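The values are calculated or read from the model by the stated rules, or taken from the named source; none is laboratory data. Since this is a predicted model, take the numbers as computed values, not measurements. Don't worry about glycine lacking a Cβ; one is built from the backbone with ideal geometry, like all the others, and counts go over all protein chains shown. Protein only, heavy atoms only, side chains kept; ligands, DNA and RNA dropped before computing areas. Shrake-Rupley method; radii C 1.70, N 1.55, O 1.52, S 1.80 Å.
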Amino acid sequence: MNAQRVHVTGVVQGVGFRPYVWTLARRHALSGWVRNSSSGVDIALEGADDDLGRFLTELEAGGPPQARIDTIDAAPAPSAGYTGFEILESKHEPDVALPVAADLATCGDCLAEMRSPADRRHRYPFINCTNCGPRYTIVRDIPYDRARTTMAGFEMCPDCRREYDDPADRRFHAQPVACPACGPQVWLEVDGRRESEGDDAVRATRARLAAGEVVAIKGLGGFHLACDATSPAAVARLRERKHREEKPLALMAADLDAVARHAVVSDAAADMLGSVARPVVLLPARAPSSIAPEVAPGRREHGFMLPYTPLHHLLLEPEAGFPEVLVMTSANLTDEPIVHRNDAARARLASIADAMLLHDRPIHVRADDSVVAEWRGRPYPFRRARGYAPLPVRLPFAGPRVLAFGGDLKNTFCLTRDRHALLGHHIGDLEHHENTCALEEAIEHYERLFRISPEVVAHDLHPDYHSTRRALERGGRDGLRTVAVQHHHAHVASCMAEHGLDRDERVLGVSFDGTGYGPDGTIWGGEFLVAGYRDFERVCHLEAVGLPGGDAATRRPYRIALSWLRHAGVAWTPDLAPVREADDDELALLESQLRSGVNVPRSSGAGRLFDAVSSLLGICHRASYEAQAASELEAAAAPAETGSYPFTVIGDVVDPAPAIGAIVEDLRRGVAAPIASARFHRGLAMMTRDVCRRLRDAHGLARVALTGGVWQNRLLLGLAVELLVDEGFEVLLHEHVPANDGGLALGQAVVAIAETSERAR
Ligand code: ZN
Ligand code: ZN
Ligand code: FE
């Protein structure tokens, strides 16, 4: 006989871990117990040496499918003479952090039951088990028990209770367990009136969608607005009511086959679509397709996801006459947080939706759909939210507990403890007060949920960012040390941290981005940095040009094009598209603004150069959403073209003037926009390679981190990676956080850890 105590950490709660241990222990004839603690799972074991050894070997092999084990510590313990193996009540420790599971897409077993007429959960839209269902979005506190979720208000019926209490059952301690007799219900509301309930409501919703209506549907992390994606009229109606003129809309189809009829789905993309996180996956669009062009104007991609809740499966069920693809876009007013409460939906979505499919399971934490692209077989994140939050990213080294506030665009925050970086879900643009409130709420929730009280606050160097102000307020209130991190340094550091680079390592960071406060008073965003975690040097950068009218110019790419033309010494003649966009008065005003420099901040943002070229090629003169001009420029590029435009490098400044001049020449020779777009992309990639080569010689660094929102351009990314690799560089790309500002908080946090723990040493 031997006795051991085992402590397991990682994502081990809400994923069927205890029944897994229970089954494993019984299989190896071990006695003892298992229980959740605030820091993980504790196991007491007694039995023969061999059996104990086999138990631990199997546990180390991975646990149940959705678990993510970080550590297993086993130590000999005094024997207590247990008889049998039990699952004990959770032990609550007041000050210990524990990762909470992310929300999980409906599993195959639950789907089969939902589709079986004999099952008591036949067509029940809230079926779930220990392998699937809501987690993060319903958790109010830890340990993860029903009473601390939004299921607390639903009293289990005897049948559900029996399953919940039976360790041999798939629903043993599945906290959201429910059935039609005791669980949440759906209903359809029209003009505030309950029109139908249960399955009738689902069928009525389908009928309305098939008829071209817009229906607001309560989901897992918030509401969607849904309509028939194959009906131009329905999509146009949704756009018009949502005032979202051109931004691409996310789509949902019943299964992979349906997706593959409208988009190109590689094996890797199929894995991402079908993963438990169920993100929106950006896929090359097929042409022709029955999807309305209004879904993604000017783009060659569609963002598709597969159903991830039982309700989605019921709503999307294939049937003759029912649309094969639905628009499923986050329900919010432009750039506000996603609506997640019934009363808010009634107040805010009534003018957009013809009807609302509601349910009575509260959403505690709102979470948008995550968005990823495929990059050479791996997910390349664009937005990290539902399905990923709050799974931690592992840091390369530990230090003080840091709360990083991120930036003002695509805001996310980050809380660290030991070597865990807990990344908040995507919040949005803090220009909207509602989003700033959502940020504060989410931070409060995380601090409570993970029992983390920060010692250091990190923020962007920009003094006027809302995130900076909130960070300084917080630091002042609690007397915490604050650390300001330069925007592009944070981008580079986030990429370094993802790749586990150690404390003293350095890289060539290429941060191509729209914007970022520079310590010299200009806006940075075409940056080559020699960077470590603690510091960086700006060793080369794009030329800065004036942005007439400042930030407002980003909505009007033609103005940026005019500024670049002026810089390149090209006269504003009416054969050039951006010149035709402005009338004579505006041209005169811009000319005098640019000459005087008054109210004309200077920007080296690579994103602004894309804006300028997009307008110059007549592709996009006015942007209705962020990065529209650049995205449409990328989509327009001719794939087979191999020419390129020249950039000159003088000292530590890259001047795109020769490229601008060459584009104008090409246009005047009648070269088509797709060819010119391709040449611009390749020229920029070649310039990146050339500058990195110089910097390698000067600084002895052969590792390049590509970061900043511009790198979401996969055409540019592909060209640059190929050229850099050919040149012998090791290239680091983002895999866990977005290259855009959604990744800033991680970078800020790790810079703050490196800085403050260095000072403490
Ligand atoms: Zn299930
Ligand atoms: Zn029940
Ligand atoms: Fe940025």
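Computed values, structure above
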{"read-out": "Probe 1.4 Å, accessible area per residue of the range 2-87, Å²", "value": "41 Å²"}
{"read-out": "Prolate/oblate/rounded call for the range 619-673, Cα gyration tensor, a/c under 1.5 rounded", "value": "oblate"}
{"read-out": "Within the range 542-700: Cβ-based charge dipole about Cα centre, in debye rounded to nearest 20 (Lys, Arg +1; Asp, Glu -1)", "value": "380 debye"}
{"read-out": "About the Cα centre, charge dipole magnitude for the chain (Lys/Arg +1, Asp/Glu -1 at Cβ), debye", "value": "300 debye"}
{"read-out": "Radius of gyration, Dmax [the chain; alpha carbons; angstrom]", "value": "27.3, 93"}
{"read-out": "Most positive-pole-ward Cα, GLY597, TRP33, ALA673, against dipole of the chain from beta carbon charges", "value": "TRP33"}
{"read-out": "Taking the chain and dividing mean pair separation by its residue count, relative contact order in percent (alpha carbons under 8 Å, at least six apart)", "value": "11 percent"}
{"read-out": "Beta bridge orientation in the chain: antiparallel %, DSSP, nearest 5", "value": "75 percent"}
{"read-out": "Carbon plus sulfur fraction of accessible area for the chain, probe 1.4 Å, in percent", "value": "48 percent"}
{"read-out": "Electrostatic dipole magnitude of the range 290-437 [Cβ: Lys, Arg +1; Asp, Glu -1; Cα centre; debye, to 20]", "value": "860 debye"}
{"read-out": "Amide proton proximity set for LEU104, modelled H, under 5 Å, gap of 5+", "value": "GLY133, ARG135"}
{"read-out": "Solvent exposure of the range 333-409 as accessible area per residue, Å², 1.4 Å probe", "value": "33 Å²"}
{"read-out": "Anisotropy class of the range 542-700 from Cα gyration tensor, a/c 1.5 cut", "value": "oblate"}
{"read-out": "Whole-number accessible area per residue in Å² for the range 542-700, which is evaluated in the context of all protein chains at 1.4 Å", "value": "40 Å²"}
{"read-out": "Sparse-neighbourhood loop sites, GluC sites (Glu not before Pro) in the range 13-101 - DSSP loop, at most 12 other Cβ within 10 angstrom", "value": "GLU89"}
{"read-out": "Angle between the chain longest axis and helix 49-60 axis [Cα atoms, degrees, rounded to 10]", "value": "30 degrees"}
{"read-out": "Orphan Cys of the chain, criterion: no other Cys C-beta under 4.7 Å", "value": "CYS110, CYS129, CYS160, CYS179, CYS227, CYS414, CYS437, CYS495, CYS540, CYS620, CYS692"}
{"read-out": "222 nm mean residue ellipticity, helices alone, for the chain (DSSP H n ≥ 4; -39,500 (n - 2.57); rounded to 500)", "value": "-10000 deg cm²/dmol"}
{"read-out": "Distribution of pairwise C-alpha distances over the range 2-106, 5 Å bins, in %", "value": "2, 13, 25, 26, 18, 10, 4, 1, 0"}
{"read-out": "Selection from PRO574, LEU358, ALA216 lying farthest towards where the dipole of the chain points positive, charges on Cβ", "value": "LEU358"}
{"read-out": "For the range 699-746: rounded, prolate or oblate by the Cα gyration tensor [a/c cutoff 1.5]", "value": "oblate"}
{"read-out": "Relative contact order (percent, whole number), the range 186-371, Cα cutoff 8 Å, 6+ residue spacing", "value": "35 percent"}
{"read-out": "Rounded to 10°, Cα long-axis angle of helix 557-567 versus longest principal axis of the chain", "value": "40 degrees"}
{"read-out": "Pairs of lysine residues in the chain - Cα separation under 27 Å, sequence separation of 8 or more or cross-chain", "value": "5"}
{"read-out": "Charge-dipole axis of the range 2-87 as Lys and Arg at +1 and Asp and Glu at -1 on Cβ define it, positive-most pick from PRO19, GLN4, ALA75", "value": "PRO19"}
{"read-out": "Where SER38, SER196 fall by accessible area, highest first, once all protein chains stay in place (1.4 Å)", "value": "SER196, SER38"}
{"read-out": "Surface accessible to a 1.4 Å probe, THR23 within the full protein complex, Å²", "value": "70 Å²"}
{"read-out": "Cubic angstrom per residue, convex hull over Cα atoms of the range 186-371", "value": "105 Å³"}
{"read-out": "Spacing of the two label points (7 Å from each Cα toward its C-beta) at ASP585 and VAL190, in nm", "value": "4.9 nm"}
